[in-house]
Amino acid sequence: MSKFKKVVLAYSGGLDTSISIQWLLENRAEEVIAVAVDLGQKEDLEAVRQKALKVGASQAFVIDARKEFVENFVWPSLKANATYEFNYPLATAIGRPLIAKVLNDIALKTNADCIAHGCTAKGNDQVRFEVSWQALNPNLTVIAPPREWGELCDRGKAIDYADKHGIPISSTKKSPYSIDLNLWGRSVECGVLEDPWVEPPEDAYALTNPVETTPNEAKYIEIEFREGVPIKLDGVEYNAIELIEELNSISGLHGIGRIDQIENRLVGIKSREVYEAPAATVLLKAHKEIEYLVNTKDTVHFKQTIDQKYSELIYNGLWFSPLREALDGFIEKTQRRVNGTIKLKLFKGNCVVVGRKSENALYNLELATYDEGDEFDHSAAPGFIKIFGLGVKTFYQSQSISQ
Ligand code: ARG
């Protein structure tokens, strides 16, 4: 097989992508350019870059994409209240199209003839990367070393291979899990977690305290939204990245955002997944609540269908798709009134909305009250119910066999 001249590789510094560099140079590439994308994983990415060079990359880049990640990917998914199967806030899934975009930009700049990633054949991430590249640059050739390297799929063999080629693996060897981390959350798989009956051991978690050690006093916080986007925490303006970081640490302290679910992967497998998403859990709850306050019943109810579709698109790797863009049009329009403040109580792993206010609130005390000042037209109720129930009354009065 003839080798590609220049392969741009999505590089994380972990075992799989590190041996990918060596494997590519041996088998498929004359030159490998490694790219690590910073989505807020709080790692020493300069060390990751140096490692790529040490392992054999001809060039290595670290691209800080945190701002674009939050503004163009996380906030739109928050506006869509996006969770997969009602639990997973999609942290890994929403990061993939952006990583794909960054890699494609570098492939174009460096005149690369191929792009590569370290995802396995059983996961969703390979689909998300490759569908994104199909949308962004249909001429690109893609290779996924882990899908091709056969016996190296065995972790022990992969470690031997790394040892043989002087690839440092000390930290990856220690972790029994496969972990993906960004600002929006942390995904943990493999090891003992593959037994769905086994409770995740404490060492699977890194962003959240176990409830046993969370503070015994509740923490109240207030989050202010402008057009569906959180802008202030407890009255203080934050930039988007800092706001998420701050919420991750406050909520993580109180044990909020641990998720343990059986998930239906796109490739047909059910898998056991453990997530931590402290900031996302709080923000999703607050955002949904403010929508209830300011949008009409019809809008809120219809949007639930849109939100679910949007979540599926993210999960299934269809971020770059005309349907997602069209749904954004609907969602953006619904966010114009989403202004105001939500008060939440964080306590022992729970996050509860305890107060809400907005200049756009459709809550009307004169209509809602059971006390003095009630302006609801009580005399209109009997006529309304008579007409509203007419269909069922007619049906049950008729002599026909019920359907
Ligand atoms: N199951 C999740 C998803 O498909 C998480 C994937 C996590 N990836 C990883 N390398 N641990 O979005």
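No lab work stands behind these numbers, since they all come straight from the coordinates. From a predicted model like this one, the values you see are computed outputs, not experimental measurements. Ideal geometry is used to build each Cβ from the backbone, glycine not excepted, and the neighbour counts take in all protein chains shown.
Projected label points at E68 and A361, each 7 Å from Cα along the beta carbon direction, are separated by 4.1 nanometres. Let a ≥ b ≥ c be the square roots of the eigenvalues of the Cα gyration tensor of the range 245-296; is it rounded (a/c under 1.5), or, if not, prolate (a/b larger than b/c) or oblate? The shape class here is oblate. Farthest toward the positive end of the dipole of the range 62-210, out of C114, N81, A206, is the Cα of C114, where the dipole comes from beta carbon charges about the Cα centre.
Out of every Cα-Cα pair that the chain contains, those further apart than 26 angstrom amount to 60 percent. Which of M1, S132, G95 sits closest to the plus end of the dipole of the range 1-138, meaning its Cα is farthest towards the positive end, when Lys and Arg get +1 and Asp and Glu get -1 on the C-beta? The residue sitting farthest along the positive end of the dipole is M1.
Taking a straight line from the alpha carbon of K345, these lysines sit under 16 Å away, with near neighbours fewer than eight places off in the same chain left out: K219, K285, K288, K357. Magnitude of the charge dipole for the range 193-320, about its Cα centre and with charges confined to Cβ atoms of Lys, Arg (+1) and Asp, Glu (-1), is about 580 debye. Projecting the Cα atoms of G13, Q41, L24 onto the charge dipole of the range 1-42 (Cβ charges, centred on the Cα centre) puts L24 farthest toward the positive pole. Seen against the Cα atoms of the chain and their longest principal axis, helix 297-315 is set at about 10 degrees. Close amide H partners of A116, meaning residues 5 or more places away or on another chain with modelled amide H under 5 Å apart, are V8, L9, A10, I143. Treat every Asp and Glu Cβ in the chain as -1 and every Lys and Arg Cβ as +1, leave all other atoms uncharged, and give the resulting dipole magnitude about the Cα centre to the nearest 20 debye. Magnitude of the dipole: close to 860 debye.
FRET efficiency for Y220 and T296, Cβ-Cβ distance as r, R0 = 22 Å, nearest 0.05? It would help to have the intermediate numbers written out before the result.
Details: r = 29 Å, r/R0 = 1.33.
That gives a FRET efficiency of 0.15.
At full extension, D203 and V142 could sit 18.5 nm farther apart than now, given 0.36 nm per residue minus the alpha carbon distance.
Here the range 324-344 and the range 189-210 have alpha carbon centers that stand 34 Å from each other.
For the range 336-394, the list of GluC sites (Glu not before Pro) that fall in a loop by DSSP and count at most 13 other C-beta atoms within 10 angstrom reads E359, E372, E375. Cut-off 20 Å, label point 7 angstrom out along Cα-to-Cβ of I231: give me the residues of the range 342-363 whose amide nitrogen falls inside. Backbone N within reach: 342-344, 356-362.
Mind running the shape call on the range 245-403? Use the C-alpha gyration tensor, a ≥ b ≥ c as the square roots of the eigenvalues: rounded below 1.5 for a/c, prolate if a/b tops b/c, oblate otherwise. Note, shape of the range 245-403 comes out oblate. Using only side-chain charges placed at the Cβ, +1 for Lys and Arg and -1 for Asp and Glu, the dipole size of the range 81-215 relative to its Cα centre rounds to 520 debye.
DSSP beta bridges in the range 21-159, what fraction antiparallel, as a percent rounded to 5? Please list the in-between numbers first.
Numbers: 1 of 9 bridges.
Among the beta bridges of the range 21-159, antiparallel pairing accounts for roughly 10 percent.
Quick check on the chain: of the DSSP beta bridges with both residues there, what percent are antiparallel, nearest 5%?
Values: 36 of 53 bridges.
The antiparallel proportion sits near 70 percent.
Potential lengthening of the chain between Y370 and F384 amounts to 3.1 nm, from the contour at 0.36 nm per residue minus the alpha-carbon distance. For the chain, the 222 nm mean residue ellipticity estimated from helices alone, with every DSSP H stretch of n ≥ 4 adding -39500 (n - 2.57) and the total spread over all residues, rounds to -12500 deg cm²/dmol.
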